[in-house]
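Single-structure report; data block below.
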């Protein structure tokens, strides 16, 4: 692995933070104004035209290294789009709500509990996790089950490195991820019938695959709240909802854990949810996807098996019927 | 009502109805339709359709509240046709940006994806209503037949709301507001008729 910093950008080239914030706020204002007027008959949104809300900005730079596991040949999705188009239903079910509502999520103090089939239950402080391994720049494609996709420059290290610190027992066949939930901070539960906290899970070999990323940042900075601060996982060959956000606990189990979307719609959201253009979602085809940030006439593209990561992960599913185990 | 007032109200209504389209066009020109412009266009046209349909369905119950609100009927056709206009834009968005004009894709979707079945059904129900919206058609059909045909708008609105429920993820409750408003407006009709009969009997 190469150890070293990416080349320094001359400071004259760096957009001053306040100018950048102004740029973001202006774009957000315009979009808010446009969407407000589009919902012209919805008076409740009119107020935002006159006083746009400022979303929480993470801003803190992270020291990162290059990674051989990064994806090349893709155009990165803009920071603006990655941080303002989110599915984070605890903060509201509309795509623009997490950026507006996630400001109340306090990311310090933060711990991750290790429970279940391990030698010894442990608790890790977030700052200890940040120092466990060098933080890598990993660009991954991100494919939502809703048939849109992004290309995101995440920052983190392989989850396997962390799992090794957890001392799982040989009986541990699955890992469950539990996300933060506090109804006083995440006040939008009434918009859906989901029971919280958000739960996701992986088979042990999926969790130990080097691609599975314990993620702390994006674009070289600490994760914004709406993207799953302060720590999340990213599993790039599965639909995005498998990449649990704002994780507070890992549970090692000998049985497949219940997962939130599988509970909500067992015929729509399988435990595996590998990106697979040959297996349709019951309500839409998964053969194509829309790339976020492209103009509407140029968005559609072909979906790749395992989101293009088949070389690294296909062997995990040898002999499995991926239509039954969707 | 003064003729000038009516003209003013009509102009305002036209502008209000064209407003969502105007914003979409502006957004398209400036590439400012958000991160997922296809989704933005889809939701904007779909919401406009449902909202205009709902408003047009509010006219008759409102008129029955007072004889002085009779003039509202002059706006019902305008709102209904604009609802059909946005429904057509919504359908064309699907055809162009989701199905890529591919007939096989569309046939499969309509057969297999129940929310698309409901959506296409809603549009097909609105089509004869739009086609018979002209004064000529009203005369040709005669008031009684025309009224019976146009009761299909209730079914179209219900299909539209079902389309919305079947489109969102299981457990998401966003269509609830629209559903409740529509339920009230549909219930208003039999309730008002019942109240009329009671008044007539009491007299």
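The values are calculated or read from the model by the stated rules, or taken from the named source; none is laboratory data. Bear in mind the structure is a predicted one, so any value in this text is a computation, not a measurement. Because the Cβ atoms are built from the backbone with ideal geometry, glycine has one as well, and the counts that use them run over all protein chains shown.
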The residue that is farthest from residue B:79 (Cα to Cα), considering only those in segment B:19-48 that are touching a strand residue (DSSP E or B) at 6+ places or on another chain (Cβ under 8 Å) and within 7 Å of chain A (Cβ to nearest Cβ), is B:36
Within segment B:59-89, track down each residue that is within 13 Å of chain A (Cβ to nearest Cβ) and within 12 Å of the chain's Cα centre (by Cα).
B:79, B:82, B:83, B:86
Flagged in segment A:104-131 as touching a helix residue (DSSP H, G or I) at 6+ places or on another chain (Cβ under 8 Å), surrounded by 17 or more Cβ atoms within 10 Å (Cβ to Cβ) and not in a strand (DSSP E or B), in numbering order, are A:105, A:110, A:129
Can we say residue A:216 is surrounded by 18 or more Cβ atoms within 10 Å (Cβ to Cβ), outside any loop (DSSP other than H, G, I, E, B), under 15 Å from the mean Cα position of the chain (by Cα) and within 14 Å of chain B (Cβ to nearest Cβ)?
no
Taking only segment B:108-127 into account, find how many residues are more than 12 Å from chain A (Cβ to nearest Cβ) and over 23 Å from residue B:83 (Cα atoms).
1
Looking at segment A:132-148, which of the residues that are in contact with a helix residue (DSSP H, G or I) (Cβ under 8 Å, 6 or more places away or on another chain) and either in a loop (DSSP other than H, G, I, E, B) or within 13 Å of chain B (Cβ to nearest Cβ) (or both) is surrounded by the fewest Cβ atoms within 10 Å (Cβ to Cβ)?
A:133
Do any strands (runs of 3 or more DSSP E) lying entirely in segment A:237-326 carry at least 3 residues that are more than 12 Å from chain B (Cβ to nearest Cβ) and exposed (fewer than 15 other Cβ atoms within 10 Å of the Cβ), and which ones are they?
none
Do we have residue B:76 as farther than 30 Å from residue A:95 by Cβ and in contact (Cβ under 8 Å) with a residue 12 or more places away in the chain here?
yes
Would you confirm, using the coordinates I've provided, whether residue B:24 is farther than 22 Å from residue B:157 by Cα and assigned to a helix (DSSP H, G or I)?
yes
Some residue of segment A:178-195 being buried (at least 21 other Cβ atoms within 10 Å of the Cβ), part of a strand (DSSP E or B) and under 18 Å from the mean Cα position of the chain (by Cα)
yes
Taking the conditions exactly as written (at negative phi, modelled with pLDDT under 95, touching a strand residue (DSSP E or B) at 6+ places or on another chain (Cβ under 9 Å) and buried (at least 16 other Cβ atoms within 10 Å of the Cβ)), does residue A:40 satisfy them or not?
no
